[in-house]
Every structure is written in C-alpha cells, then in structure tokens.
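Here's the structure, in structure tokens; my notes come after.
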Amino acid sequence: MKKNIAVYPGTFDPITNGHLDIIERASCLFDKVIVTIALNSNKKPLFSKEVRKEMITYVTKKFKNIEVDSFNGLLVDYAKKKKANTIIRGLRVVSDFEYEFQMSLTNRKLSPDINTIFLMSNEKYTYLNSSLVK
C-alpha cells in the first residue's frame, strides 16, 4: 500500500503555535508529515538550522508520524526525493493566498504528481508570525 506522505516546508525561525496547529492537523490527514526547514540564503535567520530543528523536534515529539528535516533547493525536488505526494501550506490571512497560489501553480508545472493543500490557521493564530515572535 502506498503511503500518503506530506511535506510542510518553512523557515520556522522560530516555530510558532500557528505552525504547530498546522502540523497537528496535518498529522491526522497523512501517514507521515515531514516538517522541513527551508534554507534560504536570502534570509538571515535568528536561529541556526540545528537549533530550529531541535525546537521543532521537541514540540512535535508527541506526534508519532512527524519527521523533521531541512533542505536547500527546489521544494518539488525535495518532495520527490522523500516520496511525498503533497505539499502543505498554511494560510493565516487572505493576503497569504496570492503568493501561495502562485507557488503552488509553479510547483504543479514542475511536478504535476505533487499536490499542494492549504490549511487555514486557527483564528487565534492569524495575527502570529515568526517575525512578530522574534
């Protein structure tokens, strides 16, 4: 039987309760969810990749189907390498949708067999983002 594997990418600098809300709900929808730190040379993160990985691992340890990783390069290439069939993106507000929609169309063009799903944040986390937490 084919496993239903999803990738949830982000900088997670730091991980927030909004991210954790998305992870918890995704863990109920997929056999495996890979929370992966996107390494972006254009961003100057406050926390190192290793520290972010430790934080994510710590707050997700109660979920048995969560893997924590990091990647550099194209997301669809990473998803293929991990045999994932879905990319998860969280949406907080309507303005997030335009960017995420463009990215999902680009990813679909590059790899039609990988779907993107959008999960809306719980309303109590819509104001929350990593920049605000920092």
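The values are calculated or read from the model by the stated rules, or taken from the named source; none is laboratory data. Small disclaimer: the values here were computed from a predicted structure and weren't measured. Note: ideal-geometry Cβ built from the backbone for every residue, glycine included; neighbour counts use all protein chains shown. Ligands, DNA and RNA are excluded from the accessible area calculation, which covers all protein heavy atoms including side chains. Shrake-Rupley method; radii C 1.70, N 1.55, O 1.52, S 1.80 Å.
In table form, for the structure just shown:
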item	result
Any hit, segment 90-97, residues being touching a strand residue (DSSP E or B) at 6+ places or on another chain (Cβ under 9 Å), part of a helix (DSSP H, G or I), among the small types (Gly, Ala, Ser) and open to solvent by less than 30 Å² (accessible area, probe 1.4 Å)	no
Those residues of segment 57-68 which are open to solvent by 70 Å² or more (accessible area, probe 1.4 Å) and not in a loop (DSSP other than H, G, I, E, B), in sequence order	58
Flag if residue 53 is part of a loop (DSSP other than H, G, I, E, B) and of a type in the set (Lys, Arg)	no
Members of segment 16-37 found to be under 23 Å from residue 93 (Cβ atoms) and open to solvent by 20 Å² or more (accessible area, probe 1.4 Å), listed by number	17, 19, 20, 21, 24, 25, 29
Residue, surrounded by the most Cβ atoms within 10 Å (Cβ to Cβ), within segment 98-134, restricted to residues that are assigned to a loop (DSSP other than H, G, I, E, B) and at pLDDT 90 or above	114
Which numbered condition residue 42 fails, given (1) assigned to a loop (DSSP other than H, G, I, E, B); (2) polar (S, T, N, Q); (3) under 22 Å from residue 81 (Cβ atoms)	(3)
Flag for residue 13 being more than 19 Å from residue 116 (Cα to Cα) and either buried (at least 18 other Cβ atoms within 10 Å of the Cβ) or in contact with an Asp or Glu (Cβ under 8 Å, 6 or more places away or on another chain) (or both)	yes
Some residue of segment 38-56 being surrounded by 21 or more Cβ atoms within 10 Å (Cβ to Cβ), more than 25 Å from residue 108 (Cα to Cα), of a type outside the set (Val, Ile, Thr) and touching a strand residue (DSSP E or B) at 6+ places or on another chain (Cβ under 8 Å)	yes
Verdict on residue 24 being of a type in the set (Asp, Glu) and over 14 Å from the mean Cα position of the chain (by Cα)	no
